[in-house]
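Have a look at the structure below before the remarks.
Just so it is clear, none of the values below were taken in a lab; they were calculated from the coordinates. Being a predicted model, the structure only gives us computed values, none of them experimental. Here the Cβ is made from the backbone with ideal geometry for all residues, glycine too, and neighbour counts use every protein chain on show.
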Amino acid sequence: MKHLGLVVATKAMIGALVLAGGFRAVSDDDFARVVLAQKWAAAPKLDPTGSSWLPFPFWLNGMVMRIFGATLDTARVTAFVLGLASAALLYAAARLLLRDPRDAWWGALIAAVVPWSAWLGVATVPELPAAALTVFAIATLTTPRYRWLGSIALIIASLSRYESWPVAVVFAGVSVWDARHSRRLAWGALALFGPLAWLLHNWIAHGDAFHFAARVSAYQRALGASAQAYPLALLREEPEVVALSCVMLIAARRSLPASLPRAAGALAMVLVALTLAAIPGGAPTHHSGRALLAIWLAMAIYLGAGVRAAMRARPYAFSALVVMVMFAGLWLRRTDPFTPRIHETAIGRDAASLTEPVLVEAVDYGYFAIVAASARPEAMIVDRSLDPRGTIPPSSFESIDTVKQRARACGARYAVTKRALGEPLARSGPWSLIELTP
């Protein structure tokens, strides 16, 4: 329990440092997910989005919001707590993957501080919990005792993120194979429940079991996005973890953990599936590192055993290697910018106190941050759709007259805009909250 407590405490410290450094969100998806959870909290339904996004994160966050309030702060506290729970789950996975508890502790600590793990441990997106569940499920392939827990973990993960689907296929296949020796292991086939349930829902609701994939592909085509090179992203996004893992793998090739072949096989399927999905545009649109997190977390766990052995044998040489790898990583560091939306959330909080509808100017997808921060999605009326798959209508904010006309049509008395259309009631950066007088 002491090691588990230290892992969770380390994760809490890392999360606090990330937030203190100004990180708030990976992209506008973070805020869009908060808005959808707020809407679910007000009116729960089976499919919270009607889109390609999987439902479990909205069920969970929506239930929390129904108890503690449908605010952006609630979503962020929930994300922080889920980050701690993910760190604990990764420690449990490390205990199954590695024989020595001290190796497991080192591995879980490294997994807690991997940059993408640190960022996603406080972001309002489901990538870290889903990846931790996936790694834990893979770890249960090493023992019959917890295989049923692995199935449950993959059901939740596969209803949260698509990259866990190939792992569910491998998990079910291995479990059926292992059932030759113990019939209870056939329950591992239940790991396929999540993907099959979502395919069935898409077939019933949209007439196409793969409607979600077609939707993502159409969106990427509309954006003109190029296919992600996931094998390259694996190195580019976390060069330190990958480089050190390769060094440790070579150094310990004669004493590799017995659990490694099954874990490596399952995670290799993730990389293959993402690479194939990227060809027609079915992989994530941006920040490719999010989808690779389970691979890096598993690498970090195995790296724990190598780090501990290297520090015992050659502490100075190992320290020099770490420094060299870290400096090399600076040249290969990720290039996709994060999107904190500080000004949007500030003006959204100003609009939260109003009791009447507010018309929001849609300049880009930052409007989700305004709506999320207001905690009133039902009262925040977005001026227009920015979906690139259709024709984007002109903005109503070209002049004060067109704004007032649009406001009368939707019953709004206030507006949030970047344009100088009146004396602001509140201002944050380029954004203003104005009252629309008749």
Discussion item. Considering the Cα positions of segment 1-151, please state its Rg to one decimal place and its Dmax as a whole number of Å.
Written reply: 16.2, 48
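Counting only other residues whose beta carbon sits under 9 Å from that of Leu425, what net charge do I get with K and R as +1, D and E as -1? Walk me through the numbers before you get to the answer.
Values: positive: Arg427; negative: Asp350, Glu423, Glu435.
So the surrounding residues net to -2.
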Item to complete: Would you mind checking the tilt of helix 211-223 against the longest principal axis of the Cα atoms of the chain, expressed as 0 to 90 degrees and rounded to 10?
Response: 70
Worksheet, complete the sentence: In whole Hz, the Karplus estimates of ³J(HN,Hα) for segment 140-154 (6.51, -1.76, 1.60; θ = phi - 60°; x where Gly or Pro) are 6, 5, 8, 8, x, 4, 10, 4, 5, 5, x, 4, 4, 4, 6
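Would you mind working out the magnitude of the charge dipole of the chain relative to its Cα centre, with +1 at each Lys and Arg C-beta and -1 at each Asp and Glu C-beta, to the nearest 20 Debye?
Numbers: 41 positive and 27 negative charges, 302 e Å.
My answer is approximately 1460 debye.
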Discussion item. Can you sort Ile342, Ile381 from fewest to most other Cβ atoms within 10 Å of each residue's own Cβ?
Written reply: Ile342, Ile381
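Provide the gained length on full extension for the span Leu232 to Asp364, in nm with one decimal, where the gain is 0.36 nm per separating residue minus the Cα-Cα distance.
Working: separation 132, 0.36 × 132 = 47.52 nm, distance 2.94 nm.
Taking Leu232 through Asp364 to full extension adds about 44.6 nm, to one decimal.
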Discussion item. Can you tell me which lysines have their Cα less than 17 Å from the Cα of Lys11? Leave out same-chain residues fewer than eight positions away.
Written reply: Lys2
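Neighbouring Cβ atoms within 10 Å as the yardstick, rank Ile347, Ile370, Ile156 fewest first. If you can, show how the numbers build up before the last one.
Numbers: Ile347 25, Ile370 30, Ile156 19.
By the 10 Å Cβ count, ascending: Ile156, Ile347, Ile370.
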Discussion item. Spelling out what I want: for every residue of segment 358-373, take phi, set θ = phi - 60°, compute 6.51 cos²θ - 1.76 cosθ + 1.60 (Karplus), and round to whole Hz; glycine and proline get x.
Written reply: 10, 8, 10, 6, 9, 8, 8, 6, x, 4, 4, 5, 5, 5, 4, 5
Worksheet item: Could you state the number of Å between the C-alpha centres of segment 85-156 and segment 225-277?
Response: 16
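Two decimals, Cα atoms only, Kirkwood Rh: what is Rg/Rh over segment 2-331? List each step's numbers first, then the result.
Working: Rg = 19.6 Å, Rh = 20.4 Å.
When Rh is taken as the Kirkwood radius, the ratio is 0.96.
With the Cα gyration tensor of segment 1-55 in hand, convert its eigenvalues to equivalent ellipsoid semi-axes via √(5λ) and list them largest first in whole Å.
Values: eigenvalues 195, 55, 18 Å².
Output for segment 1-55: semi-axes of 31, 17, 9 Å.
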Worksheet, complete the sentence: If unit charges are put on Cβ atoms (+1 for Lys and Arg, -1 for Asp and Glu) and the dipole of segment 2-331 is taken about its Cα centre, the option from Ile295, Ser182, Leu223 lying farthest towards the positive end turns out to be Ser182
Fill in: Estimated inter-spin distance, Ala88 and His181, nm [label 7 Å along Cα→Cβ]
3.2
Practice prompt. For a footprinting-style exposure proxy, rank Val135, Val247 by other Cβ within 10 Å, fewest first.
Written response: Val247, Val135
Discussion item. Through the Karplus equation 6.51 cos²θ - 1.76 cosθ + 1.60, θ set to phi - 60°, convert the phi angles of segment 374-387 into ³J(HN,Hα) values in whole Hz; use x for Gly and Pro.
Written reply: 6, 6, 9, x, 6, 9, 9, 9, 6, 4, 7, 7, 10, 5
Worksheet item: Roughly what would the spin-label model give for Ala409 and Cys246, points 7 Å off Cα along C-beta, in nm?
Response: 5.7
Worksheet item: Against the longest alpha carbon principal axis of the chain, how many degrees, from 0 to 90 and to the nearest 10, is the axis of helix 56-68 turned?
Response: 60
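Ranked highest first by average number of other Cβ atoms within 10 Å, how do 136-148, 1-13, 187-199, 107-119 line up?
Values: 136-148: 21.5, 1-13: 15.5, 187-199: 19.2, 107-119: 24.4.
Going by the mean number of other Cβ atoms within 10 Å, highest first, we get 107-119, 136-148, 187-199, 1-13.
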Worksheet item: What is the pair-distance distribution P(r) of segment 342-435, computed from all Cα-Cα distances in 5 Å bins starting at 0, with each bin given as a whole percent?
Response: 3, 16, 28, 26, 20, 6, 1, 0
Worksheet item: Nearest 10 degrees, 0 to 90: what angle lies between the long axis of helix 101-113 and the longest principal axis of the chain (Cα atoms)?
Response: 30
